[in-house]
């Protein structure tokens, strides 16, 4: 009886992990609580995570590690999420990396400004795991095939 009850849960977890095999996501947020929660959420889906505590660290990490996707907070010290997003989307070595702005506010102006600066999507905190994974899956499937081939060559 126990196997019948747990089988759907384990099968769902297993299939989610397979879909995100070899995917890395950079989480940029100045809140350690948010970093921990997002990291735990993504790791449970089989996604490798990298973390940065401000925009400056996020830029350096993105340029060095070349993650598949970036989750970017807005309000951070040194370089905020808008500035980091603009830099990363304009830089030739990181412009192919999709960025999702993850903000504590749901102001239309934050969403519009983030998208204008090059972000590919916007989410409000607290993040719903299923919605986040769906957005990640969609953005990774939209990547140009050239980028995927280049990553395979240089991996």
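None of the figures in this text is laboratory data; all of them are computed from the coordinates on show. No experiment lies behind these values; they were computed from the predicted model shown. We place every Cβ from the backbone using ideal geometry, glycine too, and count neighbours over all the protein chains shown.
Restricting to segment 21-154, compute how many DSSP beta bridges are antiparallel as a %, nearest 5.
Numbers: 0 of 16 bridges.
In segment 21-154, approximately 0 percent of DSSP beta bridges are antiparallel ones.
By the count of neighbouring beta-carbon atoms within 10 Å, fewest first, 131, 74 end up ordered 131, 74.
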